[in-house]
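Read the structure below first, then the notes.
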Amino acid sequence: MANLLGQNIGTNYKGILSLDSTINTPLDATLRAVTDGEGNASGLKLSTTDSSFSGKLGVGTDAAPSASLQIQGDGTNDIARFFNADPIKTVFISNRGEIGAKSEFAGDGGFIGYNGNFGVQVFALKRNSVGGLAVQSLSNIGFSVNGANSVSSYEMELTDTGNLIIGGSSGTARLAVKGSGTTSSTTALLVQNSAGTNLLSVLDNGNVGIGTNTPTASIEATTFKSSSINDNGTVLQFLPSYNMYTLSQFSIGAGDMSARLGVKGYGTTSATTSLLVQNSSGTEVLKVTDDSVTNARGTINVLHPSVATRSLKLGWGSIFATDSGSELTLGAVFAVPSAPQILLAGNTRSSGANTMQLQASLGVSIAASLINPSAQLHVKGIGTTSATTALLVQNSSGTDLLKVTDDGLINVNNNAITNVGAVISVSAQRLDSGGVLGVIRHQGNQIGMGNNTTGDASALLTLTSTTKGFLPPRMTTTQKNAIATPASGLIVYDTDTNKLACYNGTTWNDLF
C-alpha cells in the first residue's frame, strides 16, 4: 500500500476506503479489516454482507467502554430493540433496565425488570407486566399470575429461610399450603405417582385421603403401614410388623385379625400388657395383661337400654343396681319376676335357666327353673326318684349327713327315714305322719306317743289314744321261753295261754 502520509486524503482521495493492504478496493464478500493511511488495521471488519468488531465497543457514550459491548440509553427511548422477520414482535431493553419480549401492538409477551416500578422488588420476571417471578430485597422469590406485586398476594413464595409457601402470605413450616375453599369440592394438596394415580389428597374441608382423593373422614386410607408417627413426642407408634388396617379393621400386633379392633400382646405373663387405658392424669383405668387377666379401676357402669335412671354398677367390693326397679341378674334368665332380686343363672334353655334366686321380701329359692321363693329357703329338686337329690349336706370329709332325694326320702347319716315329716323346735322334737301331728314327740327325757302327746312327768313313755290300746309283743310259749336273758319286768303276750306273762328275774308268771 502506498504511503499517504502528508497527503490531503479528503481532497485527493475522496471516497477511498482502505481495507487490509489494498487501497481504493471496493467491498466484496470477503470480510476485511479497516486500516488507516499507514496501513494499521482497526477492530472493524467489513464485507458486502457482514461486519464484525474485535475489542470493546461503546454505544451512546463518549467514554471508553468497560465491556465488550457497552450501551448507554438516553433515559427516554429504549436502549435497544431486536426484531425478527416480523417487526411487530421484538425483544427490547427499556430505559428502565427491563429486558422484554412482546408484541407492542398486541400486548402479549413478558419482561424482566430491575429496580423498576415494583415496590421492594429488585428483580422481576413478568408477563404483560402482571404475574410471574419476583426476587425481593430480602432474597424472597415470589410467583404470581394475577398481577400481584406484593408478598401478601403471591400464589407461591420461596422465603430466604428456605420455606415454600403456596396459596398463603406467611408460613413457618418448610412447606405451607393454603387451599382455595372450605368444602370437599376443592383440594388443597394432591400428590400423585408417575402414572397419575392419587397417593395423598388434602381437601379444603380438612379431610385427608391416602390412596383416595375423595376422603369422607378426617383420615381415610385404604391401607396404612408405618414405623412411627411423631408429633412433639410419640402420639401413635407401630413397632416393626405392627400394622394398622383402616376402612373396616384396625389391628395392632398382627395382620388381619377379622375384627373391627384387634389387639395382640407379645407375651404370656402379667409382666407384659396387651391393652392399657389411662385417664388424662396418667392413672391406669383399664389394663389387660398377657396372662389373660383384666384389671379395671373405679366403677363399671352398665346403663339400662331405655330407662335413663336405671343402671348396674360394679364397684370395689360391691355390685348394685341404682334404683328399686332394677334387677341384678348374673347369668342368662328368660322369665324374670317383677320383684327386685339377685339371680345366679346357669345353663340356659327355652323355659328358663338353672338359677339361685334371692329376693329380700320372699327368701332364697334354688330350683331347676325360675320360681319365686315361698319360704326363707326354698329348694326345688330336678326329678321325682331317688336317682336325683334335692338337698344334700355333708361334713368336711365329704360324708353325707343329711340327704333329701326327689322321691321324698330323708337320709340321716345314710339311714333312711321313709314317708315321714319331721319338725324340730328348740323345746321338743316331733315326728308327724299321715297328717297326724306329733305321732311321736320327744321332750326332755320323756317320750309321748299319740296326737302330739307331751308325756306324763312321772312316766318315761306315755301313750295317748281314745280309739287304740297298748299291744305288747305276742308270741308262743316256746318263743317266750327262747328269749335270751330276759330282763326282770319284761312283759309279753303268750298266744298259747292267751295271757300276759311277766318275767320276775327267775321265771315267767301269768298276770291273770
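Quick look at the values:
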read-out: Residues that are assigned to a strand (DSSP E or B) and either of a type in the set (S, T, Y) or more than 14 Å from C502 (Cα to Cα) (or both), drawn from the stretch 453-482; value: L461, T462, L463
read-out: Subset of the stretch 500-512 (residues that are assigned to a strand (DSSP E or B) and surrounded by fewer than 13 Cβ atoms within 10 Å (Cβ to Cβ)); value: N509, D510
read-out: Subset of the stretch 461-486 [loosely packed, with under 10 Cβ neighbours inside 10 Å and either of a type in the set (S, T, N, Q) or at pLDDT below 85 (or both)]; value: T466, T467, T478, T485
read-out: Residues satisfying the stated conditions in the stretch 367-402, i.e. part of a strand (DSSP E or B) and either open to solvent by 40 Å² or more (accessible area, probe 1.4 Å) or at pLDDT 85 or above (or both); value: L377, H378, V379, T389, A390, L391, L392, V393, Q394, D400, L401, L402
read-out: Which listed residue is modelled with pLDDT under 50 and over 30 Å from M156 (Cβ atoms), from F83, F105, F118, F123; value: F105
read-out: Counted residues, the stretch 299-319 - those being out of contact with any Lys or Arg (no Cβ under 9 Å at 6 or more places or on another chain) and either outside any strand (DSSP E or B) or loosely packed, with under 10 Cβ neighbours inside 10 Å (or both); value: 8
read-out: Near pairs, Cβ below 9 angstrom, 6+ apart or cross-chain, from the stretch 455-484 (more than 27 Å from T507 (Cα to Cα)) to any residue that is among the charged types (D, E, K, R); value: G455/R441; T462/D456
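The values are calculated or read from the model by the stated rules, or taken from the named source; none is laboratory data. For clarity, every value in this text was computed on a predicted model and none was experimentally measured. Ideal geometry is used to build each Cβ from the backbone, glycine not excepted, and the neighbour counts take in all protein chains shown. Just so you know, the surface numbers come from the protein's heavy atoms only, side chains and all, with ligands and any DNA or RNA stripped out. Shrake-Rupley method; radii C 1.70, N 1.55, O 1.52, S 1.80 Å.
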